[in-house]
Amino acid sequence: MAMNTPTTNFLTEVPNQQDIVSITAEQRYFLDRLARLTKKSTLMSRYLVPTDRRMRLLSHAIFTTYGDCQTVGAGGLAKIILEHYCLTKSGKRD
């Protein structure tokens, strides 16, 4: 199965670049997917209410992708991406 390379680079989402030592292609795929989904959710939340089926679908995709990141051993970086997402969503990011 061929994996398409996402357009979002999750490395730009990680505030502390020292946390990135070496990651496998599989870890990078799921981390990129998580970063892309969280960014999309942030953008869509401007237009859709949280109970909208599209937002619920995005939330479910983020949840399952986070689980995938943990499964492949990238839970720490996934947590950083989600923390960044929560700060962005709450407006506390500069």
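Below is a table of values for the structure above.
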| quantity | calculated |
| --- | --- |
| Potential extension, Thr71-Leu43 segment - 0.36 nm per residue separation minus Cα distance | 7.4 nm |
| Ranking by accessible area, most exposed first, for Ser41, Ser22 with a 1.4 Å probe | Ser22, Ser41 |
| Overall dimensions of segment 23-94 as given by Cα atoms, namely Rg and Dmax in Å | 12.3, 36 |
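The values are calculated or read from the model by the stated rules, or taken from the named source; none is laboratory data. Just so it is clear, the structure is predicted and the values come from calculations on it, not from any experiment. To get the accessible areas, we keep the full protein, side chains included, count just its heavy atoms, and leave off ligands, DNA and RNA. Shrake-Rupley method; radii C 1.70, N 1.55, O 1.52, S 1.80 Å.
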